[in-house]
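A short worksheet on the structure shown next.
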Amino acid sequence: MTPMKEDYLKIIFELGGANKLVTNKQIAISLNIAAGSVTEMVNKMVEEKLVVHKPYSGVQLTAKGTKYAEELVRKHRIWETFLINTLHFDLPDVHDEAELLEHVTSDKMIDHLDDFLGHPKRCPHGGIIPDRYGNYEKDHDKILTAAKDGETVVVNRFIDNHDLLTLLGDIKLDIGDRLKIISHDPFEGSVTVQNLTDKKKLVIGYKTAHYVFVK
């Protein structure tokens, strides 16, 4: 399987595609690629029975696709946890290192690393980590743009993206922060929130708001 196809599996899984339909637009925004490229790859993945596609609605992982995604995500996020907790990498820098390591790591190795780390259930950016039997807590969250004006939400996780994590570090938005949704800009698509943790008001851009999951 190509690295690009693996990236698609991981991002569809991260967007909730094991349990619900994920739109091509969500995939394109999350991978920062053109929508036409997503359509082409989705068609290939349908042929390989990794996803099912419903026209105008989106894609969902098949049982086969979910199993592949769970294995990839498990190795990737256990390495991220090790790099942060043990080697003290900065959060924005761990993705690329984990991407390299996951491809050369045996199941036996990752199980030993999991034992060493004490069986973490979530990685440093909040993503779930399946255990060695494929069990994990299902997320029931939504992207920040889907939160309604006046609603109070809690930041649950972030998409694993270097530029995003650098930005969130700069504006000091962290997992567990409580946000009150002030307004959505109808033209730009940005979301204005008040961080109830430090009482600061933030304007979160359209793209960034698609990378932040809240509940």
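The values are calculated or read from the model by the stated rules, or taken from the named source; none is laboratory data. All values reported here derive from a predicted model rather than from experimental measurement. Heads up, the Cβs are rebuilt from the backbone with ideal geometry, glycines too, and the neighbour counts pull from every protein chain shown. All accessible areas refer to the heavy atoms of the entire protein, side chains included, with ligands and DNA or RNA removed. Shrake-Rupley method; radii C 1.70, N 1.55, O 1.52, S 1.80 Å.
Tally Lys/Arg at +1 and Asp/Glu at -1 over every other residue whose Cβ is under 15 Å from the Cβ of V203; what's the total?
Result for the neighbourhood of V203: +1.
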For the stretch 167-177, take each phi angle, set θ = phi - 60°, evaluate the Karplus expression 6.51 cos²θ - 1.76 cosθ + 1.60, and give the result in whole Hz per residue in order, putting x for glycine and proline. 4, 5, x, 5, 8, 6, 9, 10, 4, x, 5
Please tell me the relative contact order of the stretch 1-126 in percent, rounded to the nearest whole number, where contacts are Cα pairs under 8 Å and at least six residues apart. 22 percent
Partner aspartates and glutamates whose C-alpha sits under 15 Å from that of K121, ignoring same-chain residues fewer than 8 away, are E14, E70, E71, E80, D111, D131, E137, D139
Along its principal axes, what span do the Cα atoms of the stretch 108-215 show, with the longest given first and each in whole Å? 50, 26, 25
Could you work out Rg/(2.2 N^0.38 Å) for the stretch 9-90, with Rg from alpha carbons only? 1.21
How much mean residue ellipticity at 222 nm does the chain get from its helices, if each DSSP H run of length 4 or more adds -39500 (n - 2.57) and you divide by all residues, to the nearest 500 deg cm²/dmol? -13000 deg cm²/dmol
Give me the orientation-averaged projected area of the Cα convex hull of the chain, in nm², one decimal. 11.9 nm²
In µm²/s, what is D for the stretch 64-146 at 25 °C and 0.890 mPa s, where D = kT/(6 pi eta Rh) by Stokes-Einstein and Rh is the Kirkwood radius from Cα pairs? 186 µm²/s
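Roll a 1.4 Å probe over the protein chains and send me the accessible area per residue for the stretch 1-73 in Å².
That works out to 50 Å² for each residue.
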How far apart, in nm, are two points set 7 Å out from the Cα along the Cα-to-Cβ line at M1 and at F116? 2.5 nm
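Considering only the other residues whose Cβ falls under 14 Å of the Cβ of E48, what net charge follows from Lys and Arg at +1 and Asp and Glu at -1?
Once positives and negatives cancel, what remains is +2.
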Within the accessible area of the chain (1.4 Å probe), percent carbon and sulfur: 55 percent
Report the charge-dipole magnitude of the stretch 54-188 in Debye, nearest 20, computed about the Cα centre from +1 at each Lys and Arg Cβ and -1 at each Asp and Glu Cβ. 640 debye
